[in-house]
Amino acid sequence: MDDRNVTLKQRVRNFWQTHPCGIKFSDAEIGTREFFERIERHRYGKEWHIPEAANFAGAQGLKVLEIGCGLGTDGAQFAKAGADYTGVDLTDAAVDLARTGFALAGLPGRFLIGDAERLDFPDSSFDLVYSHGVLHHTPDTRAAIGEVHRVLKPEGQATVMLYHRGSYNYRVGIRVLRRAGAGLLRSESGIKIVNRLTGEPIDSLRAHAAALRDAKGNFSAAELLNQSTDGAGNPLARVYSRREARELFKHFRDVQLRAYFLNKRFIPLVGNLLPRSIEAALAARWGWHLWIYARK
């Protein structure tokens, strides 16, 4: 790994150490049972497709590795289904909270601090490797996917979600609406207008405004993407087209792609009124989450 990637990896680690994924979706005391329950309710309420897309129920008896376990929300579903579950994360903040959540729920599982680009497991160790919204945040995504392939058993399944370049969220929400709305973040009254239009929390919008000031009023396309995905200060995010995703998984066989999750925040007026059937149909073409299913 060159020096630039080492530095970037440290910035990625520092960001997620102080912003464990999902923590902002619960206002209960961190580490309590209510804290984890609220995060779970929010996750599967907003991203209601996940249980089916991830096929938690089909993991019974399988050795499952989750890369980027976060707070252990999805991991808990695998464990409840009867999987032999292992979660790894780049940060000890996430690993400590995930362990706490499993202990409160009385679930079996093990957690390790680890780097997706250099997993500390022997070849052919797992039946299923799962990673939801993680591998587009590591400097060498290709190396991480190579590790997924290496630690899978022959015939093993990889289930990976990456951000989708062809999505409405990227092409319209980020590249057009967020770019256009950046000017409104220059004032408190503008911040309140954006809050009313999108529902994004005031504190989050103020953090974005501060980041924009630090950038002297203008983000590059790459920096706009970073700042628009997982909170102000996020140092790295990438998007992938379907073609690019297939190329990343070229060493696997039977590669299937499905898109999910329409970010309705960027669909003015009618977004929150869409029935799930229409939402799912639109997401299948323009969804923000590109799920890759591949066999070794």
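A few remarks follow.
- Charge dipole magnitude, Cβ of K and R +1, D and E -1 - the chain, Cα centre, debye nearest 20: 1180 debye
- Packing rank of 14-21, 59-66, where each peptide gets the mean count of other beta carbons within 10 Å, highest leading: 59-66, 14-21
- Under Stokes-Einstein, with the Kirkwood radius over Cα pairs as Rh, the value for the chain at 4 °C and 1.567 mPa s is 65 µm²/s.
- GNM on the chain, alpha-carbon springs under 10 angstrom: the most fluctuating residue among PRO51, PRO201, PRO139 is PRO201.
- Residues whose placed amide H lies under 5 Å from that of PHE111, excluding near-sequence neighbours: GLY87
- Range of Cα positions in region 1-159 per principal axis (Å), largest first: 42, 35, 26
- Using alpha-carbon coordinates, inclination of helix 188-198 to the longest axis of the chain, degrees: 50 degrees
- Relative contact order of the chain, pairs being alpha-carbon contacts under 8 Å that are 6 or more residues apart, as %: 17 percent
Quick note: the coordinates plus some simple rules give every number you see, no bench work behind them. All figures in this text were calculated on a predicted structure; none of them were measured in a lab. Backbone-built Cβ (ideal geometry, glycine too); neighbour counts: all protein chains shown.
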